[in-house]
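In what follows, a structure is listed as structure tokens, so that the remarks can point back to it.
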Amino acid sequence: DWRRLIKLNFDTLMRIWNLRQPVIAAVNGPAIAAGSNLALICDITIAAENASFGEPEIRHFALSPLMLLPYLANNSKAMHYLYYSGDTIGADEALKLGLVSKVVPPAQLLPEAQRIARRIAQVPAYPVQITKRSIQSAYEMMGFKNAMELHRANDALVIDASQIEEKRKLMKVLMENGLRAFLELRDGPFRPNE
């Protein structure tokens, strides 16, 4: 039941968005698909040097669970890398694009995230919560919630596109040969120098 799964992903991510207190993500390793959205929907995202972010769903006839990049990066490089091609970017590129707040060595990731959390915790909770609400309101005035709902509906349309031959072929490979064969078929044409 793809529509139910799409709604579950969407609702889970929006729960994080709607929390009163700021949420800090500490990304160590790949944050792919919904994992990328999970990291980026947080108020502050710290990445280890080995972190990467990717939205490969477009390669198998699905869309990213949330359309966050227009609100976070607002530039064509981020859209190209993640949404249009399904490519993955490293932590340094994510920092350049404004998707993460800071990049640190892996051993410093958790201590840095905790340091930031302690610093925020020193501020009285109420003004922090009101500030977060004001930031969310700014995004909502730019159409954030409506855009997310429309994107969720579009994702369901793309996933339901079983009449498209390329999608049928991908799904047949997945069912008959497993995930590894599916990923090879999906991502093979996108390998460097091919």
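The values are calculated or read from the model by the stated rules, or taken from the named source; none is laboratory data. For clarity, every value in this text was computed on a predicted model and none was experimentally measured. All Cβ positions, even for glycine, are placed from backbone atoms using ideal geometry, and neighbour counts span all protein chains on display. Note: accessible area is taken over every heavy atom of the protein model, side chains too, but ligands, DNA and RNA are not part of it. Shrake-Rupley method; radii C 1.70, N 1.55, O 1.52, S 1.80 Å.
Structural remarks
- Picking from residues in region 8-59 that are of a type in the set (Lys, Arg) and exposed (fewer than 14 other Cβ atoms within 10 Å of the Cβ), the one that is farthest from TYR126 (Cα to Cα) is ARG15.
- Applying a threshold of 6 Å to beta carbon distances and a minimum spacing of six or more residues, or different chains, the list of pairs starting in region 148-159 at a residue that is within 20 Å of PRO70 (Cα to Cα) and ending at one that is buried (at least 17 other Cβ atoms within 10 Å of the Cβ) and modelled with pLDDT of 80 or more reads ARG152/PHE10.
- Being open to solvent by less than 70 Å² (accessible area, probe 1.4 Å), outside any loop (DSSP other than H, G, I, E, B), basic (Lys, Arg) and in contact with a Lys or Arg (Cβ under 6 Å, 6 or more places away or on another chain) is a property that holds for ARG186.
- Any hit, region 33-50, residues being under 11 Å from the mean Cα position of the chain (by Cα), in contact (Cβ under 8 Å) with a residue 24 or more places away in the chain and assigned to a strand (DSSP E or B): no
- Complete set of residues in region 103-142 that are under 25 Å from GLU93 (Cβ atoms) and among the aliphatic types (A, V, I, L, M): VAL103, VAL104, ALA107, LEU109, LEU110, ALA113, ILE116, ILE135, MET142
- The listed residues are LEU95, LEU72, and the only one of them that is over 30 Å from GLU165 (Cα atoms), open to solvent by 50 Å² or more (accessible area, probe 1.4 Å), hydrophobic (A, V, I, L, M, F, W, C) and over 13 Å from the mean Cα position of the chain (by Cα) turns out to be LEU95.
- In summary, VAL123 fulfils each of the numbered conditions (1) free of Cβ contacts under 8 Å to residues at least 12 places away in the same chain; (2) under 28 Å from GLU184 (Cα atoms) with the single exception of condition (2).
- Subset of region 167-179 (residues that are surrounded by fewer than 12 Cβ atoms within 10 Å (Cβ to Cβ) and in a helix (DSSP H, G or I)): LYS169, MET175, GLU176, LEU179
- Being touching a strand residue (DSSP E or B) at 6+ places or on another chain (Cβ under 6 Å) and either surrounded by fewer than 19 Cβ atoms within 10 Å (Cβ to Cβ) or at pLDDT 95 or above (or both) is a property that holds for LYS102.
- Matching residues, region 1-32, being within 18 Å of LEU72 (Cα to Cα), touching a strand residue (DSSP E or B) at 6+ places or on another chain (Cβ under 7 Å) and assigned to a loop (DSSP other than H, G, I, E, B): PRO22
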